[in-house]
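Below is one structure, written out as structure tokens; comments come after it.
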Amino acid sequence: MNVVDGSKHAVDLSHGLENVPVLIERSSSVPIFPEFQYSPENIEGPGCTVDPSEVTLPGCSCLYHSCCTESCSCLQTHGQAYDSTGTLLDRTQTDSGYCSPVFECNALCSCSDTCSNRVVQRGLRLRLEIYSTRNRGWGLRTLEAIPHGTFVCEYAGEVISFEEARRRQLTQRSEENNYIIAVREHAGTGSIIETFVDPAVVGNVGRFLNHSCLPNLFMLPVRVHSVVPRLALFAGRNIDAHEELTFDYSGGYSNQPPVELLSTQSDAAIKASRTDGLQRKPCHCGANKCAQFLPLDLSILSGNNPK
Ligand SMILES: [Zn+2]
Ligand SMILES: [Zn+2]
Ligand SMILES: [Zn+2]
């Protein structure tokens, strides 16, 4: 047990599995705390064809403390995603609306653990607190200021197949939260990679993030050791201490156009087939331009412009 800030926080929700304790605000009249198994990383769930803990990507042979673009095969193949301090570089989307995918150095790379191309894999570093929001159940806030571009946390859980995601969504009671995130990435050749992550039963601190139509975090698929992406959340602006952390479940961010406008026809068709028959739930984010309903799923346009 970690005791932080006197008696207010008595529990580390991660039971020591994270680098820093995940705190829970203990106050009166809080909703019932959900039971789930804590896992800092994705695990293989029903229908998942690739074990996310398996190392399936090649590594570089750099002998330096930190990799540099002149000599590193990882950075030459996939581009540089972070600056020397591990802050995400501005990944301004091109006219096509696609941003290049992020690949970190992995278990097969010979560079050191402190290589600046290792960020998400180093795990949680910020002091975050789960607390009871006024009207949206549990939420997650930061106890320290977070600069723009900083990695905040992963959205980790069971990696499942579409069929399993569908089965779980259709058997949900209307008062239950839907935690399943579907990420669609464009692989460059026009093919689309889909990843379904469900943190409801096995998951990490990311499951407490609420949706907002005006969020302060955005989600980016990041590959480390495996072809199965980790769903990483980064600060989309400078965030003050004690602000609630939120992201847009539809994959958008603030002033950027909604993903739908940029999607290809094939993506729109897949999206429609994936969400057919699912019930929409009201959104209580309170943003000026609130869409009134929670998005049903998320598309991330990552990859090269398909021809
Ligand atoms: Zn490296
Ligand atoms: Zn390297
Ligand atoms: Zn490498």
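Brief remarks follow.
- For segment 167-251, the gyration tensor built on C-alpha atoms gives an oblate shape. Its axis ratio a/c (a ≥ b ≥ c) is at least 1.5, and a/b is not larger than b/c.
- Compared with the alpha-carbon gap, the fully stretched path from Glu41 to Asp240 is longer by 69.0 nm at 0.36 nm per residue.
- Each of the peptides 205-211, 116-122, 80-86 was scored by the mean count of other Cβ atoms within 10 Å over its residues; in descending order, highest first, they stand as 205-211, 116-122, 80-86.
- Estimated FRET transfer efficiency (Thr171, Asn288; beta-carbon r; R0 30 Å; 0.05): 0.25
- Cα gyration tensor shape of segment 149-213, rounded if a/c is under 1.5, else prolate or oblate by comparing a/b with b/c: oblate
- Packing rank of 236-246, 176-186, where each peptide gets the mean count of other beta carbons within 10 Å, highest leading: 176-186, 236-246
- In terms of its C-alpha gyration tensor, segment 67-202 has an oblate overall shape, because the principal axis ratio a/c (a ≥ b ≥ c, square roots of the eigenvalues) is not below 1.5 and a/b does not outweigh b/c.
- FRET E, pair Leu17, Thr114, Förster distance 25 Å, beta-carbon r, rounded to 0.05: 0.70
- Cβ crowding within 10 Å averaged over residues, with 62-68, 287-293 ranked highest first: 62-68, 287-293
Quick note: the coordinates plus some simple rules give every number you see, no bench work behind them. Keep in mind that this is a model prediction, so the values were computed, not measured. Counting neighbours? That spans all protein chains shown, and the Cβs are built from the backbone with ideal geometry, glycine included.
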